[in-house]
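A short write-up of the structure that comes next.
The values are calculated or read from the model by the stated rules, or taken from the named source; none is laboratory data. It should be emphasised that the depicted structure is a prediction, and the values quoted were computed from it without experimental measurement. Note: ideal-geometry Cβ built from the backbone for every residue, glycine included; neighbour counts use all protein chains shown. Accessible surface is based on the protein model in full, side chains and every heavy atom, while ligands, DNA and RNA are left aside. Shrake-Rupley method; radii C 1.70, N 1.55, O 1.52, S 1.80 Å.
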Amino acid sequence: MENLLAPSRWPMSELDLGILYTEHSHLKASTPVESLWSFETCVRGSNRRPVAITPEGSHEYWLNRSDPLLNTILPGTGVSLNVNFGDPWAAGRSLATSSLIPSISVVGPVTRALILTTGRSVRAVGAGVTSTLTADILGVPASELVDQIVPLEELWGRDEVEQLAAALTSAPTSRSVVVLRDVLIGRIGSTGSRDEIGQLAAFALSRWGGRVSIDTLANKHGLTRQQLARRFTAAAGMTPKLYARITRFQALVHTLLATDVSQWASVSPAAGFYDQAHMINEFREFAGSPPTVFFRPHDATIEPERTRLRGRPSEW
């Protein structure tokens, strides 16, 4: 693979080496799985758009190696199972404190951004589920996985993980995603029991981008705010307030990516923030830097005049 993609084999004026990130949206339809994705090293032809939709309905994003979306694990409320077939990945609060990620790992709910480092050869697949399903699928509550990256073997056992690895390794990427999805779905309901109220409250916050009053949710289910908070935290792994903030942050990231940079100042009210300062402070709290800094390529070798912010639909 590396020989076929060697720069000497391709005119660099026409092709660039990068990462193809694919959201396999059509494969998760009508399932409890929230996300299915893959990363693969690839070359970009001169006619490939940065974002494309396949005939099946998947979304493909071509990323430069310096793209912040490739080099960061952003806060999120869900839990993901990741399988890495390529060079090792590492993650941490800083480059100095980063540690290797197990090739088959579980990433719990993330409350603060992590720096992600990938090798030259990238091939990985993954699936994400809501934290309220964690006990069923993994056998532990989401609260035990917050800000943790653990080997799947610690949760499922070596034999089951080896069987999964064998099934995924022998299949092409698109098939690996399907196998991973089916394995997760097959475990739902096999262990644990879910608090229906906690699950419904988490679903409501996710659906409305964190813009639902906790008091409103409590009243809807005939509970006090404190009662709802206890049941919610047990089900989702974090307090409803933090869950709402991170959900709103995730929605903001998608909004900024779909909005021209010149219009960013006007998105704060619709995104659920008091004003622009509130929006920037929340983004900085979770991403580690304000939007105008975060969305620049994370590569000090790029000449300043060549750097461009993400978030310009005209480029998509």
Semi-axes in Å, largest first, for the chain (Cα gyration tensor, √(5λ)) are 32, 27, 17
Result for the range 179-238: accessible area per residue, probe 1.4 angstrom, in square angstrom, of 56 Å²
Residues meeting the amide H criterion for Trp89 (H placed from the backbone, H to H distance under 5 Å, 5 or more places apart or on another chain) are Ile101
Once normalised by the length of the range 40-123, the mean sequence separation of its alpha carbon contacts under 8 Å that are 6 or more apart gives a contact order in percent of 34 percent
A 1.4 Å probe over the protein heavy atoms gives the chain a carbon and sulfur accessible-area percentage of 52 percent
Summing -39500 (n - 2.57) over every DSSP H run of at least 4 in the chain, dividing by its residue total and rounding to the nearest 500, the 222 nm mean residue ellipticity is -9500 deg cm²/dmol
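Take every Cα-Cα pair in the range 60-206 and report what % of them are more than 20 Å apart. Before the final figure, lay out each step's value.
Details: 5378 of 10731 pairs.
Roughly 50 percent, rounded to a whole number.
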Whole-Å distance linking the alpha carbon centroid of the range 74-105 with that of the range 172-237 is 24 Å
TM-like helix rule applied to the chain (DSSP H, alpha carbon span at least 20 Å on the long axis, mean Kyte-Doolittle at least 0.5) gives 173-187
Cα-Cα pairs in the range 158-291 separated by more than 25 Å, as a whole percent of all pairs, come to 50 percent
On each of the three principal axes the extent of the alpha-carbon atoms of the range 139-226, given in whole Å and largest first, is 51, 26, 25
Within the under-11-Å Cβ sphere about Gly210, not counting Gly210, Lys/Arg +1 and Asp/Glu -1 give a net charge of +4
Under the 7 Å Cα-to-Cβ spin-label approximation, Ser46 and Gln276 lie apart by a distance in nanometres of 4.0 nm
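Relative contact order for the range 11-73: what is it in percent, counting Cα pairs under 8 Å that are at least 6 residues apart? Could you put the intermediate results ahead of the total?
Details: 98 pairs, mean separation 24.5, N = 63.
It comes to 39 percent, rounded to a whole number.
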Between the alpha carbon centres of the range 23-41 and the range 43-60 the gap in Å comes to 16 Å
